[in-house]
Every structure is written in structure tokens, then in C-alpha cells.
Amino acid sequence: MNVLVVNAGSSSLKYQLIETASGDLKAKGICERIGQDGSVIEHKTADGQKIVTKAEMPNHAVAMKYVVAALTNPETGCIKDMAEIEAVGHRVVHGGPYYSESCLVTPEVLAKLELCRDFAPLHTGAHLMGISGCTEVMPNVPQVLVFDTAFHQTMPEEAYYYPITKEIYDEYKVRRYGAHGTSHRFVSRVMCDIMGKVEGTKIVTCHLGNGSSISAVKDGKVIDTSMGFTPLDGVEMGTRCGSIDPAIVPYIMNKKGFTPDEMSEFMNKKCGFLGTTGFTDSRDIEATIERGPSDPNYANCDLASKVLFYQIKKYIGAYTAAMDGLDAIVFTAGLGENNPRLREKVCDNLTYFGVEIDKELNAKMLRQSNIVKLSTDNSKVLVYLIPTNEELVIAQDTADIVSKL
């Protein structure tokens, strides 16, 4: 089945066309600056050819028309006409307390998705615009929603409940939801396949990038995850501070005169790597560290990287305790897949768990798409680099649901 995977932002629309039987990626691209001047679509063919087209895109429906035109282009397209798109799968950041699995788009589902605006205000409205755009351009093509939060809905109450007040929880559903669930689901499933079983497995999955989250996956199900009510929680990230003492929030607000919105923007967009080093990209941080103490920003970059390594290590230790054991550690996403030093430093001094990686092999593993075993044969815990593929999960879920219609 040809499934068009859509990830809609407020002014962007990423897409991939995937043939689910083979898992083949037929084409992908992104529409940028939707609703703004200078909008453009960048389309990439399966063989790597890039076609950039400037076009006026006042809304997501018009953007979808350009997506279909790119996919059906007689010279650079991959399908003959729109009828070959058999289903659309949408990445949805937050399903709130309502969704623990992927589902078909219906009026009732859309009404419930509207209720998720408070949980992810920057994302939910964009998702709804993406769905509306697809409906306008492809009214008879079934659409499916795949939620980033769904995989985490197996967490027990003691893991997701915040002890504020029961009244607040009941009325506003303030709890731990997590994020990156589709990625954690993919890599933990691959790890279970490698181990040859699901039951009895204890895996820590580390999705590390500009946004990062770590999950404890026991018997194929999440029992805890580092991101919380929002993606701000957890470890240090590109521009997010991660977990901090809640009392810091009113303290800084009083000192700086921040409004609640300004404080939220500060913690989400001006902290993390950026706040400590001035960089958001770990490659810049690593390059600075490689230049050594002679670089004036060396100490800040070294501090930021050490904070992240330490935090990840703490989560691995905590989740090992929560699962009463550890069989495997998985590294994935931009940092997890492409930062050998991070993987090495996180795995160093985990001798209590019997973790041992092949440092020479690990040092070579970046910018590649293979699954790689990083642990030595003597290691008591498996350590793997598994490139994530959230779009494939979305496409497969969509095909499974649509095939039953």
C-alpha cells in the first residue's frame, strides 16, 4: 500500500511516500513558509535528486496540491496520478489522555483532537490544518492519526501521576505523557527482534537529538519515560532546560520580571545547549571541545556535554532499578546515532551493570543507516545503535487500519 506520511507544522509540511509492503521510501520532501512570503517546496526523489520549487502556499491545502504535483510529476515523480495514494498517515504530537493507539480520522476523532490543543498548543492546531488540507485535496482517501504519546500510555499510575492535587489531575489531566513514542516504539521493537523475544526484556531506549527523551521498556511496554506533561521535562536539550527545581520558575520570573509566557519561552527556547554555550547544534559543541582549552568557549561546551552525559547515565540507572534489571541500551536519533563520544561517555563507568562497548567500532559509527551492535561479547548488557524510522511506523499503522476497512 502506498501511504503518504504527513507531519504538519504551523508553517511547514513534511511528507514521505512509503510503500508499506516493502518499506521502500519512494519520495520525500518539505513545504516551508506556508502562509508566508517566499514559500517553497523541496522534493527529494528516491535516488537523491532534489527539486526546489518556489510557490505561493497560503494554506496547507494549497501546499498539499504542490505535494501531489511533485509526486505525480511526469519526469521526477514516483506515481502516475493521485489515485495511487491509498492512505494518509499523520504524525500527531499529543493524544492527551484520549488515545493509546493509532486511529482512523472521523468527525468524532477530530472533535477529541481539538481537546488536545491545551496539551500541545504549538502542534495540535498545525496537525488539524494538515488534516484539513489533505481532506480538501484528497477527500476520498482514508486518513489515520499516529500519536507520539500513545506508546507511553502503558505507564503505571505511579509513574505518570504528579502529586500536586487529585483535583487538578481529575479536572485538567495534568500527568506525565512523554513524547517521541513512535521512535521509542520502533527501536524497542527492533531490539526485541534482535533478542528474539518480547516477554522478559528490559530495555532503555535513548532518543537523543535537539529534543531528547529516554524510556524504560519492559516486556515491550513503556513503564516510564523522561519527558513529562510537555516535552520540556527530562534531560538537557538543544534549547530546553529539561528537569529543574520547580521553585526556580517563580524565582527567575520575579528576578527578571517575566510573564508566564515569557518564562515558558525562556525555558523552551533559550536554555539547554544554547543557554550554556551559545550553540544549539552538538556538532558545534564537539568541534569546540576538539579545539581544546585554547578556545574561549571550551569550558562552557565541555560543561554542557558533561551535564548531558551525566543525566543520561542517571536515567539508565534509575530505569534499571525500576525494571529490576537491564538487558539492552539503545541509542537513536540525531545525537544518539551520530555522536560517538556521547555514547562512549554514557557507557563509561557502568561496570556495575557489566556494560562494555567496543570503543574503536563506536568511534566510527556516525552518518550511516545500519543497525550496529556496539557492545563487546563480554558485555552483560547489549548496547546497540538503531537508526529510528518513525515514518515507517506511521505508514505501517496506517496500512493496518485502512486494510481492515
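FYI, it's all coordinate maths here, none of it is from the lab. Since the structure is predicted, the reported quantities are computational estimates derived from the model, not experimental observations. Heads up, the Cβs are rebuilt from the backbone with ideal geometry, glycines too, and the neighbour counts pull from every protein chain shown.
Summary table below
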quantity	calculated
Peptides ranked, highest mean first, by Cβ atoms within 10 Å: ranges 370-379, 122-131, 316-325, 247-256	122-131, 316-325, 370-379, 247-256
From phi via Karplus (6.51, -1.76, 1.60), per-residue ³J(HN,Hα) for segment 306-315 in Hz, x at Gly/Pro	5, 4, 5, 4, 5, 5, 4, 4, 4, 5
Under 5 Å, built H, 5+ apart or other chain: amide partners of MET227	ALA179, ILE214
Residue (of ALA21, ALA69, LEU274) at the positive-pole extreme of the chain, dipole from beta-carbon charges	LEU274
In order through segment 78-89: 3J(HN,Hα) via Karplus (6.51 cos²θ - 1.76 cosθ + 1.60), integer Hz, x for Gly, Pro	10, 9, 6, 8, 4, 4, 7, 7, 8, 6, 10, x
Distance-filtered residues of segment 2-18 - backbone nitrogen under 19 Å, label point 7 angstrom along ASN73 Cα→Cβ	4-5, 13-18
Nonlocal amide H pairs with CYS103, under 5 Å, H built at 1.01 Å	LEU145
Label point distance in nm, ALA55-ARG33, each placed 7 Å from Cα along Cα→Cβ	1.5 nm
Euclidean distance between Cα centres, segment 1-74 to segment 328-402, Å	29 Å
Relative exposure of ILE18, ILE329, judged by other C-beta atoms within 10 Å (fewest first)	ILE18, ILE329
Efficiency of FRET from Cβ geometry, SER403 and GLU108, R₀ 25 Å, rounded to 0.05	0.70
For LYS26, residues with placed amide H under 5 Å, excluding near neighbours	LEU17, ILE18, GLU19
Proximal aspartates and glutamates relative to LYS166, as straight alpha-carbon distance under 16 Å, when same-chain residues fewer than 8 apart are discounted	GLU157, GLU158
Residue-averaged 222 nm ellipticity for the chain, from DSSP H runs of 4+ at -39500 (n - 2.57), nearest 500	-11500 deg cm²/dmol
Cα-based Rg of the chain normalised by 2.2 N^0.38 Å, two decimals	1.01
Stretch gain in nm, segment ASP118-ALA318, where the contour uses 0.36 nm per residue and the Cα spacing is subtracted	69.0 nm
HN-Hα J in Hz across segment 388-405 - Karplus 6.51, -1.76, 1.60, θ = phi - 60°, x for Gly and Pro	7, 8, 5, 5, 5, 4, 4, 5, 5, 4, 4, 4, 4, 6, 5, 5, 8, 6
